[in-house]
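Here is the structure we will look at.
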Amino acid sequence: MARKKGLTFYEKEKKISKSMIREIFSTVFCAFAAVFVAFVIVFSVGMKVGVIGVSMEPKLYNGQEVLVNRLLYRLSSPGRGDVVAFLPNGNKNSHYYIKRVVGLPGETVQIVGGYVYINGELLVEDERYDKIADAGIAQVEVQLGSDEFFVLGDNRNNSEDSRSGNIGPVKKETIAGKVWFHLPCGEDDFGFVK
């Protein structure tokens, strides 16, 4: 018999083997296991907190939700510039406040002419912060204790923070953790908090 010349295509029969089924189930199981482990880690060392008010604008907005790392500050201390969630004066009936750390334990903080001074030296900050109109309790030097932090909102003239007599310096034990991730709010995308 003469063979036809030219291109010919053979369609290969698809067979589902036991090894292919095992591989599919293995992949699906691993995916579910990874999602479960991620869920457990996030909810055991983290928590979700809602931003209340405009004190952290333009970085964080009223109603926006953020994720807080509760484990980090058990191993270390907040640093200058960290955004933290805390209960003012440890009041468990209050909502979490979200503010930026500017003063560290043992330092003195004073606001002079609308600017923050740490240990008598001007704190060099991002230009996005407004000049502070009301220094509050920081019009005189505030000496921070060995476990106290001075916090301010990014929206300096619309923030109830360590300048307020009813909040004052924030004790480490009242800090729930570091705000590290914000969820979308309106047209804003989610992302890391800096």
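The values are calculated or read from the model by the stated rules, or taken from the named source; none is laboratory data. This one's a predicted model, so the numbers in the text were calculated from it and none came from an experiment. Here the Cβ is made from the backbone with ideal geometry for all residues, glycine too, and neighbour counts use every protein chain on show. Please note that ligands, DNA and RNA were not included when accessible areas were found on the heavy atoms of the full protein model with its side chains. Shrake-Rupley method; radii C 1.70, N 1.55, O 1.52, S 1.80 Å.
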message: Quick check on region 32-62: of everything there that is buried (at least 16 other Cβ atoms within 10 Å of the Cβ) and of a type in the set (G, A, S), which residue is farthest from G153 (Cα to Cα)?
response: G46
task: Identify all residues within region 132-164 that are of a type in the set (V, I, T) and open to solvent by less than 30 Å² (accessible area, probe 1.4 Å); write none if there are none.
output: I132, V142, V151
task: Within region 165-184, work out how many residues are crowded, with 21+ Cβ neighbours inside 10 Å and within 14 Å of G79 (Cα to Cα).
output: 5
- line: Restricted to region 63-88 and to residues being farther than 12 Å from M47 by Cα and of a type in the set (D, E, K, R), the residue most open to solvent (accessible area, probe 1.4 Å) is R74
field: Breaking point among (1) under 14 Å from the mean Cα position of the chain (by Cα); (2) at pLDDT 85 or above; (3) assigned to a loop (DSSP other than H, G, I, E, B), for G53
entry: (1)
- prompt: Can you name every residue in region 96-131 that is in contact with a Leu (Cβ under 9 Å, 6 or more places away or on another chain), at pLDDT 90 or above and either assigned to a loop (DSSP other than H, G, I, E, B) or under 26 Å from G46 (Cβ atoms) (or both)?
  reply: Y96, Y97, I98, K99, R100, V101, V102, G103, L104, P105, G106, E107
message: Criterion first (of a type outside the set (S, T, N, Q), open to solvent by 60 Å² or more (accessible area, probe 1.4 Å) and modelled with pLDDT under 85) does Y10 satisfy it?
response: yes
